[in-house]
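Just so it is clear, none of the values below were taken in a lab; they were calculated from the coordinates. A quick note: this is a predicted structure, and the numbers were derived from the prediction, not measured. Backbone-built Cβ (ideal geometry, glycine too); neighbour counts: all protein chains shown.
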Amino acid sequence: MPVLPGRVAWYVTGRFYEDSEKRLQDLGYFLHLEGVSGSLFHGAVGEGTARLTFRSQPFSASTVANGDVEIGLDTRGEFSVYFNPEGGASFADPDSFSRGLCVATFRRTSVVMGETLSSTALGGFAISMNVFSAELVASVSFEIDGALCDFRELLPQGITQWGALSGNALATFAPFIRIAAFTGSAIAAG
């Protein structure tokens with residue numbers, strides 16, 4: 001049964017990774033997917049036990065400054081959702097978020113706008129937010145705890161997601177020069 005338009009579709013958390021060529025990608029895992037009754041985790045909640053993960057294709061962003069607000073304009077792109085019944089993802093290994101069965105691919109329907117608000121005070125507060133809509137372009141059925149699931153049935157018209165990104169960078173490793181944590185909340189489009 002589809003998630004009704006305007007209702008919460010999912011909650012996710014993840015990280016943005018930026019490399020030395022300024023290419024970005026985001027990846028993470030689902031905390032909640034409306035309409036799925038089985039457990040999204042194979043054990044305690046965390047990336048290592050997440051059964052549903054996602055990863056975007058690398059993309060570039062341009063920026064526009066307006067005072068202490070930096071506006072990022074991300075190009076259109078795709079991200080895919082993967083089902084791995086045993087989990088096994090790790091933020092130390094971005095490729096681990098795209099292992100398992102690819103169960104859905106979404107395409108952002110327009111440029112993504114993100115805003116970064118920062119304080120001029122040393123150590124001051126900083127946060128980034130973004131919003132985008134994405135259409136479902138591919139989907140296959142998968143089974144969680146005996147229940148058959150399909151994004152085509154749950155979210156046939158796609159989603160609109162709002163995200164919040166921490167202004168505090170995390171420790172990096174090659175080839176990445178910046179890594180930051182985020183959360184996302186999506187509603188069903190329709």
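Give me the extension gain from residue 101 to residue 86: residue separation times 0.36 nm, minus the current Cα-Cα distance, reported in nm with one decimal.
4.2 nm
Short version: what are the Cα gyration tensor semi-axes of region 8-188, square root of 5 times each eigenvalue, largest first, in whole Å? The partial results should precede the final answer.
On the way: eigenvalues 159, 65, 42 Å².
Rounded to whole Å, the semi-axes are 28, 18, 15.
Between 13, 105, 172, which gets the highest mean-square fluctuation from a Gaussian network model of the chain, Cα cutoff 10 Å?
Top of the fluctuation ranking is 172.
Within a 10 angstrom radius of the beta carbon, how do 34, 21 rank from fewest other beta carbons to most?
Least crowded to most crowded, the residues run 21, 34.
Per-residue ellipticity at 222 nm for the chain, helices alone: DSSP H runs ≥ 4 residues times -39500 (n - 2.57), over residue total, nearest 500 deg cm²/dmol? Walk me through the numbers on the way to the answer.
Numbers: 1 runs with 4 residues, N = 190.
-500 deg cm²/dmol, from helical runs alone.
Using a 7 Å offset from Cα along Cα-Cβ at residue 147, what residues in region 2-17 end up with backbone N under 20 Å from the label point?
Of the residues in region 2-17, 2-13 have backbone N under 20 Å from the label point off residue 147.
Amide H of residue 50: which non-local residues (sequence gap of 5 or more, or other chain) have their own amide H closer than 5 Å, using H built in the peptide plane?
Residues meeting the criterion, in which the H sits 1.01 Å from N, are 42, 88, 89.
Tell me, how many Å apart are the Cα centres for region 139-185 and for region 77-97?
Taking the Cα centre of each part, region 139-185 and region 77-97 sit 9 Å apart.
Mind checking the full-extension length gain between residue 21 and residue 69? Use 0.36 nm per residue of separation minus the Cα-Cα distance, one decimal, nm. Please report the intermediate quantities before stating the final value.
Working: separation 48, 0.36 × 48 = 17.28 nm, distance 2.30 nm.
Using 0.36 nm per residue and subtracting the Cα-Cα distance, I get 15.0 nm.
For 62, 133, what ranking results if the residue with the fewest other Cβ atoms within 10 Å of its Cβ goes first?
Placing the least packed residue first, the sequence is 62, 133.
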